[in-house]
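> Before we start, here is the structure in question, set down as structure tokens.
The values are calculated or read from the model by the stated rules, or taken from the named source; none is laboratory data. For clarity, every value in this text was computed on a predicted model and none was experimentally measured. Here Cβ is always computed from backbone atoms with ideal geometry, including for glycine, and neighbour counts include all displayed protein chains. Remember, those area values only see protein heavy atoms, side chains included, never the ligands or the DNA or RNA. Shrake-Rupley method; radii C 1.70, N 1.55, O 1.52, S 1.80 Å.
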Amino acid sequence: MAAVDDLQFEEFGNAATSLTANPDATTVNIEDPGETPKHQPGSPRGSGREEDDELLGNDDSDKTELLAGQKKSSPFWTFEYYQTFFDVDTYQVFDRIKGSLLPIPGKNFVRLYIRSNPDLYGPFWICATLVFAIAISGNLSNFLIHLGEKTYHYVPEFRKVSIAATIIYAYAWLVPLALWGFLMWRNSKVMNIVSYSFLEIVCVYGYSLFIYIPTAILWIIPQKAVRWILVMIALGISGSLLTMTFWPAVREDNRRVALATIVTIVLLHMLLSVGCLAYFFDAPEMDHLPTTTATPNQTVAAAKSS
């Protein structure tokens, strides 16, 4: 058993002195928390490269694609397969909506917002909200235009909801499907074309329709000039987003094919916006026209004249 003197504590003032006295002693060096560790000099990264990656949206894109490829995909008949398309938080949805409202030249919407986690949650609810916004605003617009007329009786037109749903969801799904098939076909003909998946194209089209939600609400204003100004603003914002997103996918193709593709995308988008405005807000209503009723005196006079 060790003696009592061997268990006494000793105070060591300096590690160097202790090592001199006892060379076999082990010392531990604890740095002062207040001291900042000195960084090792490293090779500075060029700021120009960072700016290019940030501008083009290429930063960490390769890492994102690799991580996306490592995810285990469930069979398409399972609920887990479709659950991944709605696995998105509120911050990501708001960030993508903000990006669709403020398209900046030189920044790719797919690479910046969509490619890391494409979703169907945002496009689905944007289309659903737009359907009800168009149908309800169209009914209110018709009511406000004929408000005060004694011969007008307001009747809610619920058929506008089903018509708007058919138009919006058909556009948000069939046009991306056709565009995706066309890009796949051209990708087999021409190499080095930027490729987008079908889900990414659906996301772009879905978020591009968000601008029409406040526009449809403002279409209640019974002034045709105001309505056409609003539709031109919405068409300019959403059309710019589609043009800047899909131009990199076709610019390496034949010049005529690339221009024809972009023009077709913009024309279909214009047809949707102008068609919704003309059908749901500017369509002539014939039910409110006053009906002429013959008075008894007019009936007697007509009988005598005959």
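> Please compute the Kirkwood hydrodynamic radius over segment 82-282, one decimal place, Å, based on all pairs of different Cα atoms.
Values: mean 1/r = 0.0558 Å⁻¹.
By the Kirkwood definition, the hydrodynamic radius is 17.9 Å.
> Just name one of LEU140, PHE85, PHE182: the one whose Cα is farthest towards the positive end of the charge dipole of segment 78-221 (beta-carbon charges, Lys/Arg +1, Asp/Glu -1).
Positive-most Cα among the choices belongs to PHE182.
> Express the C-alpha Rg of segment 160-245 as a ratio against the empirical globular expectation 2.2 N^0.38 Å, rounded to two decimals.
Details: Rg = 15.8 Å, N = 86, 2.2 N^0.38 = 12.0 Å.
With N residues counted in segment 160-245, Rg over 2.2 N^0.38 Å equals 1.32.
> Output the peptides 100-112, 124-136, 177-189 sorted from most to least packed, where packing is the average of other Cβ atoms within 10 Å over each peptide's residues. Let's see the in-between values first.
Numbers: 100-112: 17.2, 124-136: 19.2, 177-189: 14.8.
Highest to lowest by the protection proxy: 124-136, 100-112, 177-189.
> Counting Lys and Arg as +1 and Asp and Glu as -1, each charge on the Cβ, what is the dipole of segment 158-264 about the Cα centre in debye, to the nearest 20?
The calculation lands at about 340 debye.
> Ignoring ligands, DNA and RNA, what accessible area per residue does segment 82-282 give at 1.4 Å, in Å²? Intermediate results must be reported in sequence, preceding the final value.
Working: 10200 Å² over 201 residues.
About 51 Å² of surface per residue is accessible.
> Would you work out what percent of the accessible area of segment 82-282, with all protein chains in place, is carbon or sulfur (probe 1.4 Å)? Intermediate results must be reported in sequence, preceding the final value.
Details: 7180 of 10200 Å².
Carbon and sulfur: 70 percent of the exposed surface of segment 82-282.
> Ok, one more. Assigning unit charges at the beta carbon (Lys, Arg +1; Asp, Glu -1) and nothing else, what dipole magnitude in debye, to the nearest 20, does segment 82-282 show about its Cα centre? Walk me through the intermediate numbers first.
Details: 15 positive and 10 negative charges, 99 e Å.
That gives segment 82-282 a dipole magnitude of about 480 debye.
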